[in-house]
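Asker: Please find one structure pasted underneath; my questions will follow.
Readers should treat all values here as calculations from the given coordinates under stated rules, not as data from a laboratory. Computed from a predicted model, the values in this text were never measured in an experiment. Note: ideal-geometry Cβ built from the backbone for every residue, glycine included; neighbour counts use all protein chains shown.
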Amino acid sequence: MRTGTGNIEPMFYGQYTIPFSNKKVLTLPEAFASSLGGDVFVTQGIDRNLLIMPESTFTELYRRVIAMNIADPLARLLQRLFLGNAILANLNQSRQMELSERLCEYAELSDENVILVGQGDYFEVWSRSHWEKQNTDLQDAKTNADRFASLDLSF
């Protein structure tokens, strides 16, 4: 995606199975690492996963979340989920980044491998067991036709 300044924004797509060390270190595939700078944001996802995004994506989501009415209990919950669990992580030249113990526990990242799933402006990190459940649900064609029918997917 191009911005108004002519820069190309990162686009994350596809799935990768990568090793996950017991030191809470991810080594990202080149396809994802090349679209990130040194500092990246990691936060808790809604589906027992983690979201990893470049600063530009985090900043845009941050602006949207803080613009919500603080008197709304749902807005406060979303702020706590998204902002209260965010960390700034550094992606080193070896394409490695360290995750916090708290986020790893939330996403149950104890497997030897984790699954990275591109989502356009960001990507998700899943434990193998949680991704297998999610993927099983996504493979149901009849259910997908019904669940996505109300979305405007025209282009």
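Asker: Let me make sure I get this right: for the chain, a, b and c are the square roots of the gyration tensor eigenvalues over alpha carbons, sorted descending. Under 1.5 in a/c it's rounded, otherwise prolate if a/b > b/c, else oblate. Which is it?
Answerer: Cα axes put the chain in the rounded bin.
Asker: Still on this structure: I'd like the distance between the alpha-carbon centres of segment 45-94 and segment 108-155, rounded to an integer number of Å.
Answerer: One Cα centre to the other: 19 Å.
Asker: Return the aspartates and glutamates within reach of residue 24: Cα separation strictly under 13 angstrom, same-chain partners fewer than 8 residues apart disregarded; answer none if there are no such residues.
Answerer: 98, 101, 105, 108, 111, 112
Asker: Also, I was wondering about something else. Quote to one decimal, in nm, the extra length available between residue 39 and residue 70 on full extension: 0.36 nm per residue of separation minus the C-alpha distance between them.
Answerer: Extra length from residue 39 to residue 70 when fully extended: 8.3 nm.
Asker: What ranking, highest mean first, results for peptides 111-117, 96-102, 67-73 when packing means the other Cβ atoms within 10 Å averaged over each residue?
Answerer: Ranked by mean Cβ neighbours within 10 Å, highest first: 111-117, 96-102, 67-73.
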